[in-house]
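Working notes, structure below.
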């Protein structure tokens with residue numbers, strides 16, 4: 001992978017180093033939706049929680065989909081990534097075919113009309129956030145690897161397979177990270 005592919009930027013994924021020591025991000029893949037001089041925002045793609053949309057939003061249409069823990073910040077707020085930016089006003093395209101947010105009332109209507117299905121959208125409680133310079137410092141400390149993001153990883157890979165799939169895409173010794181014990185002191 002070229003050095004340019006490893007530059008932290010919006011639309012990249014962060015792959016947690018297996019021994020980073022932060023339980024909020026242990027073995028996670030985070031999709032960055034914003035990165036600027038003031039800080040960074042992203043969503044953990046591979047950590048599901050045991051809640052339904054109707055547990056979170058009272059007047060939401062019946063819609064069977066998994067909910068992910070987006071990160072440790074604002075865990076009482078619901079966020080979403082989707083593929084339907086052409087239908088959902090207020091959406092922001094992050095990478096080709098992957099949109100963040102949009103008009104929530106129209107989203108509910110589109111789901112009721114079955115114009116958005118579970119394969120088109122991912123929901124997250126909370127987000128991952130870094131203040132100015134914080135993420136770069138963590139990258140310098142080798143807590144994260146950076147890779148390009150693809151809509152396939154976000155929408156077509158089951159969450160528990162995302163971390164190993166992204167590690168495999170990095171090549172080299174990165175796929176070996178999967179063999180790192182959860183607690184190296186027990187090794």
ask   = Taking only the alpha-carbon atoms of region 45-117, what semi-axes of the equivalent ellipsoid follow from 5 times the gyration tensor eigenvalues under a square root, in whole Å, largest first?
value = 19, 17, 11
task = Mind pulling the angle between the C-alpha long axis of helix 159-170 and the longest principal axis of the chain? Nearest 10 degrees, somewhere in 0 to 90.
result = 50 degrees
inquiry  = Could you give the length gained by full extension between residue 52 and residue 169, i.e. 0.36 nm per residue of separation minus their alpha carbon distance, to one decimal place?
reply    = 39.0 nm
request  = Once you have all Cα-Cα distances for region 1-79, histogram them in 5 Å bins from zero and send the whole-percent values.
outcome  = 3, 13, 19, 21, 19, 11, 8, 4, 1, 0
ask   = At a Förster radius of 45 Å, what calculated FRET efficiency corresponds to the Cβ-Cβ distance of residue 9 and residue 114, to the nearest 0.05?
value = 0.80
request  = Using DSSP, restrict attention to beta bridges with both residues in region 3-186 and report what percent are antiparallel, rounded to the nearest 5.
outcome  = 90 percent
key: Segment residue 132-residue 104, length gained on full extension (0.36 nm per residue, minus Cα span)   = 7.2 nm
query = From largest to smallest, what semi-axes in whole angstrom does the chain give when each is the square root of 5 times an eigenvalue of its alpha carbon gyration tensor?
reply = 29, 18, 16
task = As a check on your grasp of the helix formula, calculate [θ] at 222 nm for the chain: sum -39500 (n - 2.57) over DSSP H runs of n ≥ 4, divide by the residue count, round to the nearest 500.
result = -5000 deg cm²/dmol
Between region 26-50 and region 96-137, the Cα center-to-center distance that results, in Å = 12 Å
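Bear in mind these aren't lab numbers, they're just calculated from the coordinates by the rules spelled out. Since the model is a prediction, treat every value here as computed from it, not as a measurement. Cβ atoms come from the backbone with ideal geometry, glycine included; neighbour counts cover every protein chain shown.
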